[in-house]
Amino acid sequence: MFSKRGLNLFSRLSYITGTIQQSSTAASPVTNVAQIVEAMDEAGVKEPKPLYLDVQATSPMDPRVVDAMLPYMINDFGNPHSRTHAYGWESEKAVEKAREQVAALIGADPREIIFTSGATESNNVAIKGVAHFYKASGKNHVITTQTEHKCVLDSSRHLETEGYQVTYLPVQKNGIIDLKELENTITKQTAVVSIMAVNNEIGVRQPLKEIGEICRKKGTFFHTDAAQAVGKIPIDVNDSKIDLLSISGHKIYGPKGIGALYVRRRPRVRIEAQMSGGGQERGMRSGTLPTPLIVGLGEACAIAKREREYDYEHVSKLAKRLLDGINSKLQNVIRNGDPDFTYPGCVNLSFAYIEGESLLMALKNIALSSGSACTSASLEPSYVLRAIGADEDLAHSSIRFGIGRFTTEEEIDYTVEKCVKEAQRLRDMSPLWEMVQEGIDLKTIKWTQH
């Protein structure tokens, strides 16, 4: 009835609602989404939760992570900085084990791992911390790209208000940077280059190894926001010559509110602390360490290290199933970003002649996104899609499908069926689609306002 992979859709819904038991009284096994909804109706659940296909926004916690965390929420609750009794010693031991687990996932030394509240804090500490420390030596230049996460872009803009020069590199139409342009942009005044590993909206992978080689040759530090990459694609900080790397717990089936920053020891990277306090984490990040969250992050990293290849194969198969299903039944569907140099679990599609928000509303039984969860409150088209040169109408028609560890074939098939049905319905209502069917080139029309 249930996949060996752990919680599938039905068991997750059973856990969340507390209404449907895994030992269902149904005469036949519950094997697909339609049966799940029917079973929920029989159990009196009027508003079933939608299917979850938005793992770029956040991932569900792996039950094994929850199991690892629970003892440190109940019995082993000591402050890891308390050195005078067993409660503190046990918590400190758990924290250091988690530090080793995080380091092992990216090929780092445990002493190079600094725990933070998440990737946003890690990005802020990395970019501002390096820029502030090395400003006295004449390094007042920062390089990033136009498609970075908002916290990187805002950190860079903040540095501009402090007198730093910031270069926002454009990306090519496939979303990947031009390595030659990067090399030509780095100067002797460049303190840090910050380029994300996997884009959170279109899934494009940047060539980390080549970027690292360029930065090392030019004598500047290389930071990467790897929140969407760690545990999903192979990353080795030494092989790729990465100097600083940001990690988020809730993007790899761990808890929210915890992350990490890798800071290289040799050649040494110095950063200025962005928060004052007790000097924890080698003086780089003060504050009492949250042992349960850190244990959860460590366990999530350990699971990812063991199962990354299996997860990647699983996600790749489902992504192909999604794309083949939609493209075989719908025309004028464009995939945004490079189709090959990408993480398959992030599929961003533009449905021509349809408003993306309308399609999202029509697909209310599926949790999807029209872009980054951090900027989705805005009605403006995605700045990432604008940066890769997407037409404004196509940028407005984009939907991001996030496929993860617990996504099932049944969920993908249901999504394809609903997506095709609703897209066709919305197009049938669109006068623009009718004009296209009649062979009219919309780009030749001169629209006027009255």
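The values are calculated or read from the model by the stated rules, or taken from the named source; none is laboratory data. The shown structure was predicted, so the numbers you read here are calculated from the model rather than taken from an experiment. Reconstructed Cβ throughout: ideal geometry from the backbone, glycine too, with neighbour counts over all protein chains shown. Quick note on the areas: whole protein, heavy atoms, side chains included, nothing else; ligands and nucleic acids left out. Shrake-Rupley method; radii C 1.70, N 1.55, O 1.52, S 1.80 Å.
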Query raised in the report: Can you name the condition, by its number, that Arg335 falls short on among (1) touching a strand residue (DSSP E or B) at 6+ places or on another chain (Cβ under 7 Å); (2) surrounded by 20 or more Cβ atoms within 10 Å (Cβ to Cβ)?
Result: (2)
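When you look at Arg306, is it of a type in the set (D, E, K, R), in a helix (DSSP H, G or I) and either free of Cβ contacts under 8 Å to residues at least 40 places away in the same chain or on the phi > 0 side of the Ramachandran plot (or both), yes or no?
Considered against the rule, which asks whether it is of a type in the set (D, E, K, R), in a helix (DSSP H, G or I) and either free of Cβ contacts under 8 Å to residues at least 40 places away in the same chain or on the phi > 0 side of the Ramachandran plot (or both), Arg306 comes out as yes.
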**Report entry** Among (1) surrounded by fewer than 19 Cβ atoms within 10 Å (Cβ to Cβ); (2) assigned to a loop (DSSP other than H, G, I, E, B) - the single one Arg64 does not satisfy
**Finding:** (2)
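Rundown of residues vs (1) surrounded by 15 or more Cβ atoms within 10 Å (Cβ to Cβ); (2) part of a helix (DSSP H, G or I), yes/no style:
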{"position": "Ala68", "(1), (2)": "yes, yes"}
{"position": "Met73", "(1), (2)": "no, yes"}
{"position": "Phe77", "(1), (2)": "no, no"}
{"position": "Arg83", "(1), (2)": "no, no"}
{"position": "Gly88", "(1), (2)": "yes, yes"}
{"position": "Ser91", "(1), (2)": "yes, yes"}
{"position": "Arg99", "(1), (2)": "yes, yes"}
Query - Single match in Ala352, Ala319, Ala387, Ala367 (criterion: under 20 Å from the mean Cα position of the chain (by Cα), over 22 Å from Pro50 (Cα atoms) and hydrophobic (A, V, I, L, M, F, W, C)) - result: Ala387
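Working only within the stretch 247-259, note down all residues that are open to solvent by 10 Å² or more (accessible area, probe 1.4 Å) and outside any loop (DSSP other than H, G, I, E, B).
Of everything in the stretch 247-259, those that are open to solvent by 10 Å² or more (accessible area, probe 1.4 Å) and outside any loop (DSSP other than H, G, I, E, B) turn out to be His250, Lys251.
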Query - Close pairs from the stretch 127-156: first within 18 Å of Gln206 (Cβ to Cβ), partner of a type in the set (Phe, Trp, Tyr) and outside any helix (DSSP H, G or I), Cβ under 8 Å, at least 6 apart - result: Val142/Tyr164; Thr144/Tyr168; Thr145/Tyr168; Gln146/Tyr168; Leu153/Tyr168; Ser156/Tyr168
Query - Test for Leu318: is it in a helix (DSSP H, G or I), modelled with pLDDT of 95 or more and either buried (at least 21 other Cβ atoms within 10 Å of the Cβ) or touching a Gly at 6+ places or on another chain (Cβ under 9 Å) (or both) - result: yes
Query raised in the report: Looking only at residues in the stretch 222-275 that are within 11 Å of the chain's Cα centre (by Cα) and charged (D, E, K, R), which one is nearest to Phe133 (Cα to Cα)?
Result: Asp225
Requested in this report: Determine which member of the set Lys209, Lys232, Lys173 is closer than 30 Å to Glu307 by Cβ, in contact (Cβ under 8 Å) with a residue 60 or more places away in the chain and of a type in the set (Lys, Arg).
Outcome: Lys232
Query raised in the report: Looking at the stretch 260-276, which of the residues that are under 15 Å from Phe222 (Cβ atoms) and among the hydrophobic types (A, V, I, L, M, F, W, C) is most open to solvent (accessible area, probe 1.4 Å)?
Result: Ile271
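What about Gly277, is it within 17 Å of Glu96 (Cα to Cα), of a type outside the set (Phe, Trp, Tyr) and without any contact (Cβ under 8 Å) to a residue 12 or more places away in the chain?
Spelling it out, it is not the case that Gly277 is within 17 Å of Glu96 (Cα to Cα), of a type outside the set (Phe, Trp, Tyr) and without any contact (Cβ under 8 Å) to a residue 12 or more places away in the chain.
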Report summary line: Given (1) of a type in the set (S, T, N, Q); (2) crowded, with 18+ Cβ neighbours inside 10 Å; (3) without any contact (Cβ under 8 Å) to a residue 24 or more places away in the chain, Ser122 misses just (3)
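Table: residues versus (1) open to solvent by less than 40 Å² (accessible area, probe 1.4 Å); (2) modelled with pLDDT under 85.
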| position | (1), (2) |
| --- | --- |
| Phe341 | no, no |
| Asn348 | yes, no |
| Tyr353 | no, no |
| Ile366 | yes, no |
| Glu392 | no, yes |
| Ile399 | yes, no |
| Asp428 | no, no |
| Glu438 | no, yes |
| Trp447 | no, yes |
